[in-house]
Amino acid sequence: MNKLLIEGVSRTFAGVRGGQPVKALMPIDLAVAANDFITILGPSGCGKSTLLRIVAGLEASSEGRVLLDGKAVTRPGPDRGMVFQSYTLFPWLTVAQNIAFGLRERGMPEKERDGVVASYVNLVGLKGFENHWPKQLSGGMQQRTAIARALANDPEILLLDEPFGALDNQTRGLMQELLLGIWERRQKTVLFVTHDIEEAIFMASRVIVMTARPGRIKSDVAIDLPHPRHYTLKTSPEFSALKARLTEDIRVEAMRTAQA
Ligand SMILES: Nc1ncnc2c1ncn2[C@@H]1O[C@H](COP(=O)(O)OP(=O)(O)O)[C@@H](O)[C@H]1O
Ligand SMILES: [Mg+2]
């Protein structure tokens, strides 16, 4: 059975102040297998965030439905862990308290919670920073905390919307390796939105390219590069060939956006 099934999901937003409605997404069909790492590429405004928010249950679809483990998604739930581009930690909670947030909501006893939090603090390399406040952390450390917070609930699927988009290149590369390393060891089903082609290839088992708005799936490319992946892979001939192909796909769509 598919882990996630997106069936004919479209979205049209009502016009602002009597203006024309905005068709953000054409009907999308996408079947995601368990432990797939899917990256979604597409020009700005093509509906990537809208699609992810519909899967998260934060936004309703106009048509179609989303099934997670065969159950229709109607609202947010602990079976879906979200990480956004902008830092969304609770500023009044420490690193450890942020990571513990969902566990606490679920009523996990403190002792067990402390153990789970410690293991995720270690997993994302934040040992020694448990009692820091978000504002005392760099952007990369904040995103590591956000990833740990999402993973600590042991979600069925991880939904990431340009999670490294605000980071400098160096940090971004390190974060890619960190998240990929976690995925290689723990296995998770992941939907990861990015506009960075190299990032999309490096992370994915499958890259989905969306067209300019209204977004639909333009191409669906299996990435058979071996694991574990190391950043030096980015200079290999196989990687370059994939990059050339996807760059062309995106360029055509970005030009359509620019002309619209
Ligand atoms: N809440 C909303 N109300 C009206 N229009 C929206 C809303 N959210 C998104 N849109 C529009 O839908 C389109 C897709 O947006 P979005 O999903 O954010 O694209 P992306 O993440 O690919 O850049 C854009 O034209 C955007 O302006
Ligand atoms: Mg977006």
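The values are calculated or read from the model by the stated rules, or taken from the named source; none is laboratory data. These numbers were taken from a predicted model, which means no experiment stands behind them. Cβ sites come from the backbone with ideal geometry, for glycine too, and all protein chains shown count toward neighbours. Calculation scope for accessible area: heavy atoms of the full protein, side chains included, ligands and nucleic acids excluded. Shrake-Rupley method; radii C 1.70, N 1.55, O 1.52, S 1.80 Å.
Quick look at the numbers
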read-out	value
Helix-only mean residue ellipticity at 222 nm for the chain, each DSSP H run of n ≥ 4 adding -39500 (n - 2.57), per residue, nearest 500	-12000 deg cm²/dmol
Of all DSSP beta bridges in the chain, antiparallel share, percent nearest 5	50 percent
Binned Cα-Cα distances of segment 6-129, short to long, each 10 Å bin given as a whole percent	10, 32, 29, 21, 7, 1
Calculated log₁₀ intensity ratio I(q)/I(0) where the Debye formula runs over C-alpha points of segment 44-110, q = 0.19, 0.23, 0.27 Å⁻¹	-0.90, -1.07, -1.20
Protein accessible area in the chain, 1.4 Å probe - carbon and sulfur %	52 percent
18 Å Cα-Cα threshold exceeded, pairs from LYS48/LYS71; LYS23/LYS48; LYS3/LYS23; LYS3/LYS71; LYS3/LYS188	LYS48/LYS71; LYS3/LYS23
Cubic angstrom per residue, convex hull over Cα atoms of segment 64-165	110 Å³
Segment 194-260 shape via C-alpha gyration tensor axes, a/c threshold 1.5	prolate
Largest-first principal axis extents, alpha carbons of the chain, Å	54, 47, 38
Rounded accessible area per residue of the chain, 1.4 Å, Å²	48 Å²
Where trypsin sites (Lys or Arg not before Pro) in DSSP loops with at most 16 other Cβ within 10 Å are excluded, longest remaining stretch of the chain	128-260
